[in-house]
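Peer 1: Here it is, the structure, as structure tokens.
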Amino acid sequence: MKIFRKYFLREFFKFFFIFLLSFTAISIVAEFFDKATEFYNEKPSTLLIIQYLLLQSPRVVLYALPFASLFSILITIGMASKWRETIVIKAAGCSTKNLFSYFLVLGAAISLTAFILGETVVPEATRKASYVRKVRILKQSPKISRREEALWLKGLDGSLIRISGFVENENHILKTNIFSFNPSFGLEKRIEADEAEWSNGVWNLKSVTVFDFRNNTTNNYESFISTSIEDPKIFREEMIKPEEMNFMELYAYYSRLEKAGFKNLRYTIQLYEKLAYPTINFVMILFGIALALNTRWGSGIRAAGLGVIISVLYWLLYSLSISFGNTGMLQPWLAPWISPIVFGITGSVLYLKIRE
């Protein structure tokens, strides 16, 4: 049994790395052509382009892992069936179900690896890739910096602005502080607001306190128009994206929004996606084993075709459930789990029906 396992593991990993490298290479080439206009206009160095593309690779690898797992297990078992190796295994008194059940452990290991990758390497690499593209290739100076769970930016009037968060889908900013200075950088005025709303081309601050240090006065306002802050476009362009955060960072940011009374369904769904997506690797291997041992597809080409069909069906269901989650038709925590649950249950039923 150990000899068979080593042999099939070697075959699996051979196909696994071929597919993983192929999917990654195709995605990186597509990314290059997608940004070709920017590269042509800005004419960055070749090394800078390579650096940007390499920093995109971890994210591509994370998304390619489930499909490399699925295609590899289907072709490994498909080739074994084609060359009658499964018949030899049965003739030797071994159980193909028990033999390939070892790959379920491998699937769990790949899922764990994907989770660790998605929490460590991928967010950091994606942030650096965004920086390289915006600052070093497009030569755009950053207008927003992120410090101590707050956003800092320079106001249109030269003031310094601190914002605790931006609610993208509602054009709201949370607790805001605006610091105005004199030419010698002495603090003249401080404006504190609980929140602000973009309306009619200006920011309308709510529950405002204005500290005027030059005149030693303090005034309170229910609302206050500010022309210091740029329009919401700057926040959408420069704020850190969910894919650039790990689970804890995204959870902390989402919690600040929720405490302020704002709920962003997209952020909630992406939060649960970070937990759900790595499990797809295990589900794909389970589904692949069950399907391959219950059918007689045989050749590697047919197995690869089956993998394409399964991948398309999976992503159709996954995209549909995420869309329903974004519109509120599904609970945000449930939307990312629909596909893993459906394919996991189907794979489990097929696995139990494997005939020896």
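Peer 1: Would you point out the residue of segment 156-176, among those that are on the phi < 0 side of the Ramachandran plot and more than 31 Å from the chain's Cα centre (by Cα), that is surrounded by the most Cβ atoms within 10 Å (Cβ to Cβ)?
Peer 2: Only one residue fits best here, namely 159.
Peer 1: Scan segment 274-285 and tell me whether some residue there is surrounded by fewer than 19 Cβ atoms within 10 Å (Cβ to Cβ) and modelled with pLDDT of 85 or more.
Peer 2: To start, the set of residues in segment 274-285 that are surrounded by fewer than 19 Cβ atoms within 10 Å (Cβ to Cβ) comprises 275.
Add one more test, that the residue is modelled with pLDDT of 85 or more, and what stays is 275.
Yes: one or more hits.
Peer 1: Here's another thing I want to ask about it. In this structure, is residue 346 β-branched (Val, Ile, Thr) and over 26 Å from residue 105 (Cβ atoms)? Explain how you work it out, then say what you get.
Peer 2: Working: β-branched (Val, Ile, Thr): yes; over 26 Å from residue 105 (Cβ atoms): no.
Taking the combined requirement at face value, the residue does not satisfy it.
Peer 1: Tell me which of these residue 197 doesn't satisfy, since it passes every other one: (1) over 24 Å from residue 142 (Cα atoms); (2) in the same structural domain as residue 163 (by TED's automatic domain parsing); (3) surrounded by fewer than 17 Cβ atoms within 10 Å (Cβ to Cβ).
Peer 2: Residue 197 satisfies every listed condition except (1).
Peer 1: Where the second residue is crowded, with 16+ Cβ neighbours inside 10 Å and the first is without any contact (Cβ under 8 Å) to a residue 40 or more places away in the chain and lies in segment 331-356, which pairs have Cβ atoms under 7 Å and are six or more apart or on separate chains?
Peer 2: Listed by first residue and then by second, the contacts come to 338/321.
Peer 1: Ok, one more. Select from segment 1-46 the residues that are assigned to a helix (DSSP H, G or I) and small (Gly, Ala, Ser) and write down the one among them that is farthest from the chain's Cα centre (by Cα).
Peer 2: Just the residues of segment 1-46 that are assigned to a helix (DSSP H, G or I), to begin with: 2-34, 36-42, 46.
When the remaining residues are screened for being small (Gly, Ala, Ser), the result is 22, 25, 27, 30, 36.
Numbers: 22: 21, 25: 19, 27: 15, 30: 18, 36: 23 Å.
Taking the candidates together, the pick is 36.
Peer 1: Let me ask something additional. Looking at segment 21-42, is at least one residue surrounded by 14 or more Cβ atoms within 10 Å (Cβ to Cβ), more than 18 Å from residue 128 (Cα to Cα), without any contact (Cβ under 8 Å) to a residue 60 or more places away in the chain and of a type in the set (Val, Ile, Thr)?
Peer 2: Yes; the residues of segment 21-42 include at least one that is surrounded by 14 or more Cβ atoms within 10 Å (Cβ to Cβ), more than 18 Å from residue 128 (Cα to Cα), without any contact (Cβ under 8 Å) to a residue 60 or more places away in the chain and of a type in the set (Val, Ile, Thr).
Peer 1: Got a sec? Which helices (runs of 4 or more DSSP H) wholly within segment 79-197 have at least 2 residues that are at pLDDT 90 or above? Reasoning before the result, please.
Peer 2: Details: elements: 85-91, 96-119, 121-131.
Here the list reads 96-119, 121-131.
Peer 1: Oh, and also: Which members of segment 213-251 meet the condition of being surrounded by 12 or more Cβ atoms within 10 Å (Cβ to Cβ), under 18 Å from the mean Cα position of the chain (by Cα) and farther than 23 Å from residue 158 by Cβ?
Peer 2: 236, 240, 241, 242, 243, 244, 245, 246, 247, 249, 250, 251
Peer 1: Test residue 291 against the stated conditions and say whether it is surrounded by 16 or more Cβ atoms within 10 Å (Cβ to Cβ), assigned by TED's automatic domain parsing to the domain that holds residue 116 and more than 16 Å from the chain's Cα centre (by Cα).
Peer 2: Values: surrounded by 16 or more Cβ atoms within 10 Å (Cβ to Cβ): yes; assigned by TED's automatic domain parsing to the domain that holds residue 116: yes; more than 16 Å from the chain's Cα centre (by Cα): yes.
So residue 291 fits the description; yes.
The values are calculated or read from the model by the stated rules, or taken from the named source; none is laboratory data. This is a predicted model, so every value here is computed, not measured. No Cβ is skipped: glycine too gets one built from the backbone with ideal geometry, and neighbour counts run over all protein chains shown.
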